Amino acid sequence: MSIMKLVLASSKCRKKTEMIVPPLVCLLLVLAIASVASAQRDKEEPTAVLTFLVIKEDNGKPVRNAAVIMHPIETNGKQSKGDLELKTDVDGKTSFDGIPYGRLRVQVLASGFQTFGEDYDIARAKLNFTIKLKRPQSQYSVYENHNGTNQEKKDDKTPAPPEPSAKPQ
């Protein structure tokens, strides 16, 4: 009879173990996935929200449909791949969330305006930029009078230097 009791006790123990093992495995699996996800979150680089306002320099009115192009810059100063282009709305505004910290080259192109270009250090979570676009300038010509700066040729006759033995006056 004692063997019979031992077999029954062993059978009950297996059933309890079989009932505990699947939830335990699931719990361990969930903890493993959570730790991997946490490690990935820690590795993510900080990113910034950039907001642009593009206006005309001469009157401060917004420039709509201007192309705002962002180029990441590598440590050697060259543009890296992965450019991003945004368009301004009727109020001259556009923004983007998710720009990694570091050097960024910003170019703004709009029909009827000079191209704008500037490099920025992105080191804060939120940055606002106001970009003033200039109208195209006329070409400089040496043949035109530039507000009195173009002087007539003077006589090439320059006075002779004084004699070294001459007495000062």
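Each reported figure results from applying straightforward, stated rules to the coordinates on display, with no laboratory input. Bear in mind that the values here come from a model prediction, so they are computed numbers and not experimental data. Here Cβ is always computed from backbone atoms with ideal geometry, including for glycine, and neighbour counts include all displayed protein chains.
Determine whether I99 is touching a residue at least 60 places away in the same chain (Cβ under 8 Å) and out of contact with any Cys (no Cβ under 7 Å at 6 or more places or on another chain). In short, no.
Within the range 103-137, the only residue that satisfies the criterion of being basic (K, R), surrounded by 12 or more Cβ atoms within 10 Å (Cβ to Cβ) and in a loop (DSSP other than H, G, I, E, B) is K134.
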